[in-house]
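Scroll down for the structure; my scribbles are underneath it.
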Amino acid sequence: MSTTEVLNDNMKENQTRRALLVIDVQQDFISPNGPFQDSHMKADHIVSNLTTVLPHFRKHNGIVIWIKADYSNPQSEPKYLTRSEGKQYENIPLNDAYLSSTHKTFPLCIAGTDGQKFIPEIDLLIKPDQDIVLTKTFYSAFTNTDLTNILKGVQEVHICGLVTNVCVQATTADAFFHGYKVFVWTDCLGYRHRERHEIGLKYMQQWYATMITSHQYYRQSITTTATIKSVLYFVNGSISSWRVMIALYEKNIDFEAKPIRVMSKPKETKSAEFFSINPRGLTPTLVDTDGSIITESLAILHYLEKYYPNTLSLMPVEKADYIKVLQRIQESQNLINIYEPLEEIVLKTLEHEQSSHEDLVLKTLEMMAEELVFWEMYLIKTTFIACDQFTLADCAFYPVIAYLIHRGLNIERFPAIVNYVNIIKTKTSAINAHPKDWTETGGEINIFKVVENILAKCNEESG
């Protein structure tokens, strides 16, 4: 079937357009008589899960693309993808020389041989009148193929098949850099070495894709057909609101963002309408699709993790890492609690009285420096704030440090924190959640610059 016919028949307007890439489920990889012999891969679970999900995937705006490797004439040089423009792609690793290359160490998937064919169970799943079969010659299904043209109009790319840490990973990375939202179906993958498989999963989750199972996709796609959305009442620039928005975007939860103005008179948080939702008159407040109302940012983070199980998990599996995430979430309040007296002095104290708070200013700056040392130590050990996975702890902490930088905090003395901020601020979720019309540094009032001037004035008066 032609690409145009597939897109016209399977994809309706105003719906998310998605494609499933099923990679290299071929006899050479799976047959015990193939090149890998005793270390051949298993595919029963892939066939079973795809048998269940594919009819639903096709019915709900999905195109299925079966990828077949042909390593008859291996290229000697790797072909690197050009980095896409945009902040979300900065500091994200491209495929290395190995993954940008192709197989060439021994005969594998040679055109015209039985080994290059799909296994018979897969052949039975292919619908020639609806699906597309694409041959690739590199590890990535995007290299030297027409895949980008086939995927025109597609927003989501779902990926499964063989081998997790090679062709699946190479294709996943390229899909991310082509601008798709990428999902890897973890229950439909094949591998020869579990350790390499797990490293590949962790790497893809860290940089490129959401890890889900085929059945999670199935359940989530059913629930998202409803038009009702959760509603988040938030204040632009509020650390608490910022935390929740990052989590919602990271978990790809569809929601309606309702900004609440607190500089208006009277404050919108003090309106009768808002008090009926949250009697404390505080944001963020999340009203879920079933009418549940959740307040307090950290409580909302835990709620989203618990009651949206079919979205990207922001809690690690390992017990030690899980404990650290819980601790870091609570610790994230320390820095802002220490900082708050500076805002009180700068924003709420008459200018001629500010120098009388010299001791408090000095003590606060000292305590902030000591607290930042803790976070620097954490980030020397791991990529993200609690472990090497982006978690709820990052949702809690990143808005704190980003807010302080916006208020003029200089973090050059803390290179690990600098690196962390540079990584997080390029994530799509962080970009989408960033306060509207906010520059990264030098906010309307540079708190730390004012504090510096207060101390300079105190020195002049004492001299």
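The values are calculated or read from the model by the stated rules, or taken from the named source; none is laboratory data. On a predicted model such as this, the values are computed, not experimentally measured, just so you know. Counting neighbours? That spans all protein chains shown, and the Cβs are built from the backbone with ideal geometry, glycine included. Areas reflect the complete protein model, heavy atoms only, side chains present, ligands, DNA and RNA absent. Shrake-Rupley method; radii C 1.70, N 1.55, O 1.52, S 1.80 Å.
Details
- Rolling a 1.4 Å probe over the heavy atoms of the protein chains gives segment 159-219 an accessible area of 34 Å² per residue.
- Protection proxy ranking, highest mean first, for peptides 375-384, 287-296: 375-384, 287-296, where packing is the per-residue count of other beta-carbon atoms within 10 Å, averaged.
- Rounded FRET efficiency, nearest 0.05, which uses the C-beta distance separating Asn144 from Asp114 and R0 of 22 Å: 0.35
- Packing, as the average of other Cβ atoms within 10 Å across residues, places the peptides 332-342, 121-131, 189-199, 151-161 in the order 151-161, 332-342, 189-199, 121-131, highest first.
- Protection proxy ranking of 62-68, 248-254, by the mean of other Cβ atoms within 10 Å over each peptide's residues and highest first, is 62-68, 248-254.
- Nearest 10 degrees, 0 to 90: helix 358-381 Cα axis against the chain principal axis: 10
- Overall shape: oblate for segment 406-452, with the ratio a/c of the largest to smallest alpha carbon gyration tensor axis at 1.5 or above and b/c at least equal to a/b.
- Counting only protein heavy atoms and a probe of 1.4 Å, the accessible surface of the chain is 50% carbon and sulfur.
- Viscosity 1.306 mPa s, 10 °C: Kirkwood-radius Stokes-Einstein D of the chain over Cα pairs, µm²/s: 64
- Mean separation of Cα contacts under 8 Å (6+ apart) over length of the chain, as relative contact order %: 14
- Measuring between their Cα centroids, segment 391-443 and segment 139-161 lie 33 Å from each other.
- Gain on full stretching of the segment that runs from Lys449 to Phe36 - 0.36 nm per residue minus C-alpha separation: 142.2 nm
- Per residue, the convex hull spanned by the Cα atoms of segment 230-308 amounts to 80 cubic angstrom.
- Glu273 paired with Asp96, simple spin-label distance in nm, labels 7 Å along Cα-to-beta-carbon: 5.5
- Mean ellipticity per residue at 222 nm, deg cm²/dmol - from DSSP H runs of n ≥ 4 across the chain, formula -39500 (n - 2.57): -13000 deg cm²/dmol
- Between Thr82 and Thr349, the contour length at 0.36 nm per residue exceeds the Cα-Cα span by 90.8 nm.
- Net +/- balance of residues flanking Ile46 in space, Cβ distance below 10 Å, scoring K and R +1, D and E -1: -2
- Probe 1.4 Å, accessible area per residue of segment 319-462, Å²: 50
- Charges were assigned to the Cβ only: +1 to each Lys and Arg, -1 to each Asp and Glu. The resulting dipole of segment 319-462 about its Cα centre is roughly 760 debye.
- Dimensionless Rg ratio for segment 319-462, taking C-alpha atoms and the 2.2 N^0.38 Å reference: 1.13
- Net length available on complete extension from Tyr322 to Ser264 is 16.8 nm, with 0.36 nm assigned per residue and the Cα-Cα distance removed.
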